[in-house]
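Notes for the one structure printed next.
The values are calculated or read from the model by the stated rules, or taken from the named source; none is laboratory data. Given the structure is predicted, the values throughout are model-derived calculations rather than measurements. Methodologically, a virtual Cβ is constructed for each residue, glycine included, from the backbone with ideal geometry; neighbour enumeration extends over all protein chains shown.
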Amino acid sequence: MAPLRTSDFEYELPPELIAQTPVEPRDSSRLMAVSKSTETTEHRRFTDLPLLLKPGDVLVLNDSRVFPARLYGHISETDREIELLLLNRIEPGRWRALVKPGRRMRAGSRFDIVDGAGDTTMSGVVIAQESAGSRIVELANEDAIGASGVVPLPPYIHERLDDPERYQTVYSQREGSVAAPTAGLHMTDRLLGELRSKGVETVFVTLDVGWGSFKPVEENDPSSHEMHSEHWELSQDAADAINLAKSEGRRVVSVGTTAVRLLEHATSVSEAEGQLLDAGSGWADLFILPGFKFRVVDGLVTNFHLPKSTLLMLVSAFAGKDLVLDCYREAVEQRYRFYSLGDAMVIL
């Protein structure tokens, strides 16, 4: 078998198919239903999901919420405008961030953050510059982040959302992500109720999505790509429900690649005897490529992802690269909407 190349995960996408606005209602988006066993597809609506799942299936959803991680302000001495994207909190008052313009945000640079009205809400200083280009910054009065920042949208979305909640799942709980777990954006309370009425069990886990989700793989050999760590948490109730389902031969269906990474990472570090998962939390940097052996996930609901992205590679590992790329070509022909605010596929 020939070694994998990043170029193996390229496909042609007309720019007009990159969704700029969400459809309403959420669950009216299109849904491509893919069978792994027969390698066939059906074209449906997301409202058809209950018809495709079985009583006893366990649907795993990521309840992480996007926090207002994008901050605007100016350098204290020169009043030049700056922009920060907070990536993760290292310790109280200290954050890892991407900054613009980078050349003016060197170690020791002091800056002020302003809110939407232009009033100064926080001050900060650049502590260090990292090799990847990110900065370590120290923020005074970090409690003001919520009032100062805005929810960041992916770089390929150029339209402004009328309702920022439209970039949150209806079941989001704890802030920690800089990008939404987008497969869950199609879910509505009504649809979740219909699934539960059918006997589908819903289980919530937490993985804080990092900005690395949008970083393309630049190395020719994808296995050389460095994944960014993301914080995860798996409750005892969630672990018990999934372990029981697997022991009884019921399917575990992940809503999104983020939940896949959490579950497959958690089982790899589990010390529980006689079961796949035990409760816990930590940091995951699992990179799933074709050839990966899935131990937990039996089905996947996911959006259509960027070419040469780690997310497309994960989906290809789950369903087979050739099948997935065939589905993507079909989605282009059928004029599906792509990426975070676009349509979805379910692979069973």
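Structure data summary
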{"quantity": "Filter result for LEU289 (at negative phi, touching a residue at least 60 places away in the same chain (Cβ under 8 Å) and either assigned by TED's automatic domain parsing to the domain that holds GLY212 or under 21 Å from the mean Cα position of the chain (by Cα) (or both))", "calculated": "yes"}
{"quantity": "Entirely in the stretch 12-92, the strands (runs of 3 or more DSSP E) that have 1 or more residues that are among the acidic types (Asp, Glu), crowded, with 19+ Cβ neighbours inside 10 Å and assigned by TED's automatic domain parsing to the domain that holds ILE136", "calculated": "none"}
{"quantity": "Residue match in the stretch 137-144 (condition: part of a strand (DSSP E or B) and not aliphatic (A, V, I, L, M))", "calculated": "yes"}
{"quantity": "Some residue of the stretch 222-230 being within 30 Å of ALA2 (Cβ to Cβ), at pLDDT below 95, touching a helix residue (DSSP H, G or I) at 6+ places or on another chain (Cβ under 8 Å) and of a type in the set (Ser, Thr, Tyr)", "calculated": "no"}
{"quantity": "Residues that are at pLDDT 95 or above, farther than 14 Å from THR121 by Cα and among the hydrophobic types (A, V, I, L, M, F, W, C), drawn from the stretch 65-81", "calculated": "VAL66"}
{"quantity": "Given (1) touching a Ser or Thr at 6+ places or on another chain (Cβ under 6 Å); (2) under 30 Å from GLU333 (Cβ atoms), number of the condition ASP112 does not satisfy", "calculated": "(2)"}
{"quantity": "The lone exception for GLY176 - which of (1) in contact with an Asp or Glu (Cβ under 7 Å, 6 or more places away or on another chain); (2) loosely packed, with under 13 Cβ neighbours inside 10 Å it fails", "calculated": "(2)"}
{"quantity": "Subset of the stretch 30-55 (residues that are touching a strand residue (DSSP E or B) at 6+ places or on another chain (Cβ under 7 Å) and small (Gly, Ala, Ser))", "calculated": "ALA33"}
{"quantity": "Candidates GLY299, GLY256, filtered to the one that is in contact (Cβ under 8 Å) with a residue 12 or more places away in the chain, touching a Lys or Arg at 6+ places or on another chain (Cβ under 8 Å) and not hydrophobic (A, V, I, L, M, F, W, C)", "calculated": "GLY299"}
{"quantity": "Residue check for GLU16: over 12 Å from ILE347 (Cβ atoms), modelled with pLDDT of 95 or more and out of contact with any Ser or Thr (no Cβ under 9 Å at 6 or more places or on another chain)", "calculated": "yes"}
{"quantity": "Test: SER148 is surrounded by 15 or more Cβ atoms within 10 Å (Cβ to Cβ) and of a type outside the set (Lys, Arg)", "calculated": "yes"}
{"quantity": "Considering residues of the stretch 148-201 that are assigned to a strand (DSSP E or B) and among the acidic types (Asp, Glu) only, the residue farthest from PRO55 (Cα to Cα)", "calculated": "GLU175"}
{"quantity": "Set PHE318, PHE338: member being closer than 20 Å to ASP221 by Cα and not charged (D, E, K, R)", "calculated": "PHE318"}
{"quantity": "Considering residues of the stretch 126-144 that are aliphatic (A, V, I, L, M) and either more than 23 Å from ASP115 (Cβ to Cβ) or surrounded by fewer than 16 Cβ atoms within 10 Å (Cβ to Cβ) (or both) only, the residue nearest to the chain's Cα centre (by Cα)", "calculated": "ALA132"}
{"quantity": "Residue list for the stretch 275-308, restricted to those being small (Gly, Ala, Ser), farther than 16 Å from ALA183 by Cα and buried (at least 16 other Cβ atoms within 10 Å of the Cβ)", "calculated": "GLY280, ALA284"}
{"quantity": "The stretch 212-253: number of residues that are among the small types (Gly, Ala, Ser), out of contact with any Phe, Trp or Tyr (no Cβ under 9 Å at 6 or more places or on another chain) and touching a residue at least 24 places away in the same chain (Cβ under 8 Å)", "calculated": "6"}
